[in-house]
1. It is to be established whether one or more residues within the range 737-750 are out of contact with any strand residue (DSSP E or B) (no Cβ under 8 Å at 6 or more places or on another chain), closer than 26 Å to residue 551 by Cβ, open to solvent by less than 40 Å² (accessible area, probe 1.4 Å) and assigned to a helix (DSSP H, G or I).
2. So, of the residues in the range 268-290 that are outside any helix (DSSP H, G or I) and open to solvent by 20 Å² or more (accessible area, probe 1.4 Å), which turns out to be farthest from residue 180 (Cα to Cα)?
3. Name the pairs whose Cβ atoms lie under 7 Å apart, with the first residue in the range 325-340 and aliphatic (A, V, I, L, M), the second in a loop (DSSP other than H, G, I, E, B), and 6 or more positions between them or separate chains?
4. Does the range 770-828 hold any residues that are of a type in the set (Lys, Arg) and modelled with pLDDT of 75 or more, and which are they?
5. Pick from 234, 202: which is surrounded by fewer than 18 Cβ atoms within 10 Å (Cβ to Cβ) and closer than 30 Å to residue 373 by Cα?
6. From (1) open to solvent by 40 Å² or more (accessible area, probe 1.4 Å); (2) in a helix (DSSP H, G or I), pick out the condition that doesn't hold for residue 294.
7. Report, by residue number, each residue of the range 529-558 that is assigned to a helix (DSSP H, G or I) and closer than 17 Å to residue 627 by Cβ.
8. Would you check which residues across the range 560-590 are in a helix (DSSP H, G or I) and either touching a strand residue (DSSP E or B) at 6+ places or on another chain (Cβ under 7 Å) or crowded, with 19+ Cβ neighbours inside 10 Å (or both) and list them?
Amino acid sequence: MDRGSAGADPGAGAPGLNPFTALGRAWASAVRAAVGVCIRVEVMPEDAAAAPARRDRPVCYVLERDSRIDLAVLNDVCCRLNLPRPSRRLLVGARRAGRANLHVDAGRPRQLAQLLAAAAAQPDFDVDLVPVAIFWGRAAQKEPSWWRLPFTDNWVIAGRVRRMLTVLVNGRRTLMQFGAPLPLREAMRDGGGAAGARRIARTLRATLQAQRAATIGPDLSHRRTIVARVLATRAVRVAVRAEMRARGLSRRAALLAAKKCADEIAANYSHAFIMFMSLALGWLWNRLYDGVVFENAGRLRAVAEGAEGAEIIYVPCHRSHMDYLLLSYVIYHAGFAVPHVAAGVNLDLPVVGRFLRKGGAFFMRRSFKGDALYAAVFKKYLGLMMARGHPLEYFVEGGRSRSGRLLAARTGMLSMTVQSYLRDPRRPVVFMPVYFGYERIVEGRTYVGELSGRPKQKETVIGLLRTVPALRRRFGKVHVNLGEPIHLDRVLTEHHPRWRDEAAGDDGARPEWLGAAIGDLARRISNGINAAAAVTPVNLVALAMLATPRQALAATDLEAQIDLYRALLRDAPYGPLVTVTEESGAGMIAYAEALGMLERHGHPLGDILSMSPARAVLATYYRNNILHLFAMPSLLACCFVGNASMSTADIRRLVWRIYPYVASELHLRWDEERIAAYMDGLLEVFARLGLLRASADRGEWSRPPPTSVAAMRLSMLAAAAIPIVERYYLAIALLLQAGSGAVGQQALEERCHLMAQRMAMLYGLNSPEFFDKTLFRNFVDLLRLRGVVETTADGRLAFGEALLAVAADAQWVLSEQIRHSILQVTLG
């Protein structure tokens, strides 16, 4: 039935066998033997032995093309996994219905038509059609050599010679993907015959193309073709006409301006360049890092290989310029398509920009204001990429975090993405949060300088070359963790159940409900990124050392404090996707010493470990990476800094009062309704670890004796949250000092910044983000949003009793000495 079949019929040894047939079968046997020796296949999914089909129905495998070698490889894999072989005959009663394989590179495959005819003649006959995609040179987690690159699978239809070279060169790096079975009877519900065969063939071709797109990316036509399609859209034509009227341009000049915008934006994706960079980056990571760890990849596989063919949008945190390269690298080596990355136009440098475009980068300006033509071209380019199914990647923070914290999401790209989807909801959109965890960051010293007041350095080729010597240092491991996928359809349905019935046009008008939906989506993405954090030895050592006044601690005490942090992460976990180092406290200290983070000083009573002032400032970056994981334990510990005991009711009230501000700043995962239950569980964990003592009825909680080791551990745990509460108290104190309706928000932010900077100088606070203007701005914004303060008609801040209540509760959390220090600075 298939001229490309490999394998013999059951009657291979029957009398009167044609000599040519025997020779052909001998050749097929030789091919199968060669396949078993020369070709190594990675099979996806890993449970393929059970997945292809129900065992009570026969199986017919569906291949993309009529290829003898593909069929031979499939036959070998099926033998190895004890699956039904594609070379066997399918029987309908006593009659043969052809072999158990077919290919769909023709409009209406003859084999499929014969199966449909057999099913129509025999009502009890059914068969599972199992799509099988084979990719040469695309096995995950394998590092090819340079000379293999030209022969790796892509969308180009190869001739026989190139196909043979591809098999010879990349045969040991082959990936085979089994798709979900399609029962023939189910596919025939809309009719059989010739029309049914064409319809089923289209369905199977679409499934195989989706598998190929998920693995190597969709088929991207030439960059000029994509630009031409963008310029031909209605929205861009309208913008061109508006540009002609506004600037008095001819149609040709306006079209050239639109084309210039498109050329400035568009990527120039190249499969060959991606494969080349895979090798180059593998060499670079081996030089820079002790390992690149990719966690939670199973969630990506479930989305990428789902039946819906979802459009995946990666939304990582932005810590370093390495983020672009690392995410593309790990995705490619996990066997998935490399995303198109939205990069700032500041990176479109000579030579560098050209390479980034070939790697899938498309560029965008920081602001679209004042250029409606550029905005229209960019939105249509983004919509086209989504419609074509290419995965995208952009950073919701907008820029790199200089403090190590996750920045508040900027909703510009999210808004354009959602509106593009509403205009053309062709395939479901899934956002994939991504967390980067660096043990040492290349730009660390630059970040500290910028937070301390130095101007941001502009990206230049010379600036990039100056960083080369720094790459000789050891940078530890880097972790890339995937978060929980966020389905856009579900978010939209929660905010507006009938959104599908309301068509969105190209006029740019936004429905009233859309703003709230985008804000909720941004919040979920930020929370999802933080919920997939990676906890490394460097993070925990920084957290412990910065909890001491002079960044010095006895080695035994440091080890015990780190072990306490690990116990809290184990007994009161932040979330199921957080990964925690398996090193012991002693092992983490040794690792930090090897990285040059700690200095050891011998002493007869026990070694002392310390950090230099410069390293301590940089350590705040790594502490801040995981600060959100310890925010609630630290806030609970703060309640007992100035109080020997507290009732459960008072603890709940304080947490309820302060939590919304901490949750907004650190992007915590719990709703306000759930935080009380979490704190009740956390109190019990504190009791088990000896940090607190509870009354018999659990109505009263007390701290350990002040001179005990447990009290020291509790005090060090509280140190992580104290600067946050100090900043809130400082802002409230300055607002109360000015009086209601006496100062505007911008003036208050500037005064808070200067006062916090002064406090850091007076009291040696090694934390540059303590006086970050943005954090004060966000705090005042949230005070206004929650009705604690309001803006008067002349732009000043007015307040009432609600602000006094917040200030009173903050006093419970801060010690008397800290409160006096803040008041001394504000009144000085």
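1. The answer is no, given that none of the residues of the range 737-750 is out of contact with any strand residue (DSSP E or B) (no Cβ under 8 Å at 6 or more places or on another chain), closer than 26 Å to residue 551 by Cβ, open to solvent by less than 40 Å² (accessible area, probe 1.4 Å) and assigned to a helix (DSSP H, G or I).
2. Keep residues of the range 268-290 that are outside any helix (DSSP H, G or I), which gives 268-270, 289-290.
Narrowing the set further to residues that are open to solvent by 20 Å² or more (accessible area, probe 1.4 Å) leaves 268-270, 290.
Numbers: 268: 33, 269: 30, 270: 30, 290: 38 Å.
Of everything passing the filter in the range 268-290, 290 is farthest from residue 180 (Cα to Cα).
3. Close Cβ pairs (under 7 Å, with a partner that is in a loop (DSSP other than H, G, I, E, B)) amount to 331/338; 331/339; 334/140; 337/217; 337/391; 338/217; 338/360.
4. Going through the range 770-828, the residues of a type in the set (Lys, Arg) turn out to be 773, 777, 784, 786, 796, 819.
Within the range 770-828, 773, 777, 784, 786, 796 qualify.
5. On the way: 202 fails: closer than 30 Å to residue 373 by Cα.
Being surrounded by fewer than 18 Cβ atoms within 10 Å (Cβ to Cβ) and closer than 30 Å to residue 373 by Cα holds for just one of 234, 202, which is 234.
6. So the condition that residue 294 fails would be (2).
7. Going residue by residue through the range 529-558, those that are assigned to a helix (DSSP H, G or I) are 529-530, 537-545, 555-558.
Result: 529, 530, 537, 538, 539, 540, 541, 542, 543, 544, 545.
8. Going residue by residue through the range 560-590, those that are in a helix (DSSP H, G or I) are 560-571, 585-590.
Once the filter is applied, which keeps residues that are in a helix (DSSP H, G or I) and either touching a strand residue (DSSP E or B) at 6+ places or on another chain (Cβ under 7 Å) or crowded, with 19+ Cβ neighbours inside 10 Å (or both), the range 560-590 yields 561, 562, 564, 565, 566, 568, 569, 585, 588, 589.
The values are calculated or read from the model by the stated rules, or taken from the named source; none is laboratory data. Worth saying up front: this structure is predicted, and the values here are computed from it rather than measured. Every residue, glycine among them, receives a Cβ derived from its backbone with ideal geometry; neighbour counts consider all protein chains shown. Just the protein is used for accessible areas: all its heavy atoms, side chains included, with ligands, DNA and RNA removed. Shrake-Rupley method; radii C 1.70, N 1.55, O 1.52, S 1.80 Å.
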